[in-house]
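Below: the structure, in structure tokens.
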Amino acid sequence: MQAGRVWLRALAGALAVVMLAATLEIVLDGAVGHSPLIPKSPHIAAWLDGVGERLGFRVFLIALLAYVGAYACMLLLARRVSARFAIALTIALQLIVFAGPILLSTDVFSYIAYARMGVVHGINPYIHGPIAIASDPVYHDVGKDWKLVATAYGPLYTLISYPLAWLGVTGALWGMKLMALLAGAGTLALTWRCARLRQLDPKLALLVVGVNPLWVIYGLGGAHNDLIMTLLMMGAVSLTLARREAYAGAAVIAAALVKATGIVLLPFMLLSTRRLAPLLGAVVAGLACALVAFLVFGIHGVDVVAALNRDAAFVSTDSFPTEIAHLLGKPGVFPVDHDLLKAGLVLIVVHLLWRTWRGYDWVAASGWTLLAISVTSTWLLAWYTLWSLPLAAVSRDRRLLVATLSVQALFILHQLSPLLAPVS
Amino acid sequence: MSTPPTPLQTGLAGRMPEWARPREDERHGLGSLRLAETTILILVGLFLAVATIADVVKQTHVNHRLVADMRTWRTVTGHNYRSLGTEQDVKGHTTRDTVCGNVSPGGPRERTQVCLVLVGPVVSSRREVSGGYYLPAKSEDRRRSRYACFGSALQAGLCGLRTPPAGAPPSPALPTGRR
């Protein structure tokens, strides 16, 4: 018995070493720059130079696969490891990524560009794209697909990001990284708390989210604002569990004013609690934020529907609808497919609303809806698969966790073609 | 087994039929609904897995083709450059690709480029050159910038410039066919 425990502890230690080594490899090689996986940016990780080599697809994908394998095994061992071990591993992974360069996405430069548009140049980011500040130092680092696009993020997020514009591009970049780190840490703390309050294993919940490869490498690595949305979503869950329902309703609205998808939690919360308090909290918070957004950004700052409609038309090669279109011999997704996908999503949501009305776990229903949005969206990015993850970790329906992790696994599988047939 | 009524089953909720009443917790005995949901989830999951694997296989084939394209470009031009631009036929969805690279050493697009149009299957890690054209330095691959078309590019009228721009290096027609 004792020997078995020692072996399990050794195995968990080895898995942790694999995860840490894979993350270090990606970060140290990424710090060298000049890689298709590292966006062009100020050289913020110069202090890590000289240790790694230029990050190529092959090394990145092998490291990612090793990490994924170790993560899967770690979840199986989660009940056997100590809380101290789980927390230490989570902190170490977050800090390694925080110290390194921006990984895999140019989104953070769009965030900075929108903030600098408003603060430095006096241009409304809800009307103009970053092209309006083509002379600004951040402009050349904005992704080429986004230079003409006005912000689709909520006004609360835009206002939160405004103070960082005064720090210059490099300062703002570190500010964004710090914001993502703190939001991620807050999400993990609330995930732990919610799991404990729901009599689930908090260690498992922490490991599910905190050492998840997409969370660490893509979400935190890219300093994505999705982590702020998940923080506010988990805040809403935590407040509901603490019976502070008005604040919970306000927290959902705050999440939605960071990224509109956060609103998904509200109908399920209302149906489950069947009280006025969360609705009142949501209405008050919504009106207050809408007023501030209107005063700062004008009518465009509160017209979330227009931004959502615009973004819903985007198509990415990693999305499941695109893959299905290819499977069916079609070159891509057509407008009629968008309508079919929306109809499918509506059916799923109606079913979940009905199930919640009849006593199903509203946290799970919210998670299923977020997962369904990412699966039916024609624009799927790695960090969209993180939306449902913390909810899945504290859900009583374990099918949601299996489904979320399966979707993530398929996303990673879809990245592997450069490993199978490298182009050079 | 029936569950005791909750406060929600009084008032308006109490007047609803049992199947429509709101509940605090799920009723026991929902096994068949859960089974149906789980079955649908598994089927959807399998379908997504098949679509993903098929897409990876397809992309792997495309990558093999692009590798053959670049190898062919290097053989035909005699330049062993790494930075080559490839473009697939995303409109016609054929396997016709275009590979462009500099005619003399320099950064990507910093020099005059020669582009080859490649078609057909990969044989011995090469593809057939059906034609090509030249592009001035620092220009986008648009019809208005192309000149000195040869082979299928000439027949398809891909070039917008009738003569090479002033100061352009020699732009000979490169051999077409399988190399």
So for region A:308-411, Kirkwood radius off the Cα pairs, Stokes-Einstein at 10 °C and 1.306 mPa s: how many µm² s⁻¹?
-> 111 µm²/s
What is region B:41-179's relative contact order, in percent, from Cα pairs under 8 angstrom and six or more apart in sequence?
-> 17 percent
By the C-alpha gyration tensor axes a ≥ b ≥ c (rounded if a/c is under 1.5, else prolate when a/b exceeds b/c, else oblate), the shape of region A:144-277 is oblate
Given a Förster radius of 25 Å and the C-beta distance between B:ALA173 and B:ARG142 as r, what FRET efficiency does 1/(1 + (r/R0)^6) yield to the nearest 0.05?
-> 0.75
Where a ≥ b ≥ c are root eigenvalues of the Cα gyration tensor, a/c under 1.5 meaning rounded, otherwise prolate if a/b exceeds b/c and oblate otherwise, region A:47-160 counts as prolate
Give the dimensionless ratio obtained when the Cα radius of gyration of region A:162-211 is divided by 2.2 N^0.38 Å.
-> 1.55
Which whole-Hz ³J(HN,Hα) couplings does region A:136-150 yield from phi under the Karplus relation 6.51 cos²θ - 1.76 cosθ + 1.60, θ = phi - 60°, glycine and proline marked x?
-> 6, x, 7, 4, 6, 8, 6, x, 5, 6, 10, 5, 9, 9, 5
For a quick protection proxy, order the peptides A:19-32, A:208-221, B:148-161 by their average other-Cβ count within 10 Å, most packed first.
-> A:208-221, A:19-32, B:148-161
Within 10 Å of each Cβ in peptide A:316-325, how many partner chain Cβ atoms are there on average? Round it to a whole number, please.
-> 3
Between region A:319-389 and region A:204-235, the Cα center-to-center distance that results, in Å | 20 Å
Largest first and to the nearest Å, give the Cα extent of region A:328-385 along each principal axis.
-> 43, 24, 16
To the nearest 500 deg cm²/dmol, what mean residue ellipticity at 222 nm is calculated for chain B from DSSP H runs of n ≥ 4 alone, each contributing -39,500 (n - 2.57), summed and divided by the residues?
-> -10500 deg cm²/dmol
In chain A, what is the volume of the convex hull around the alpha carbon atoms, normalised per residue and reported in Å³?
-> 150 Å³
Calculated P(r) tail over 12 Å for region A:372-424, as whole % of Cα pairs = 67 percent
Computed label-point distance, nm, for sites B:ARG15 and A:ARG243 using a 7 Å Cα→Cβ extension | 3.0 nm
So, in nm, how far is label A:TRP7 from label B:ARG162 when the simple model puts each one 7 Å beyond its Cα toward the Cβ?
-> 8.4 nm
Using only Cα atoms, figure out Rg for chain B and give it as a multiple of 2.2 N^0.38 Å.
-> 1.94
Let me know the mean shielding of B:44-54 by other chains, meaning the per-residue number of their Cβ atoms within 10 Å of its Cβ.
-> 6
Gap separating the Cα centres of region A:63-87 and region A:263-310, nearest whole Å = 38 Å
Principal-axis tilt of helix B:31-77 within chain B, Cα atoms, nearest 10 degrees = 10 degrees
In Å³ per residue, the alpha-carbon convex hull of region B:70-175 encloses 98 Å³
For an R0 of 41 angstrom, estimate the FRET efficiency from the Cβ-Cβ distance between B:THR75 and A:HIS140 and round to the nearest 0.05.
-> 0.70
FRET efficiency for B:VAL50 and A:VAL336 from the Cβ-Cβ distance with R0 = 25 Å, rounded to 0.05, comes out at 0.65
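Just so you know, all these numbers are worked out from the coordinates, no wet-lab data involved. Computed from a predicted structure; not experimentally measured. In this analysis, Cβ positions are derived from the backbone assuming ideal geometry, glycine residues included, and neighbour counts consider all displayed protein chains.
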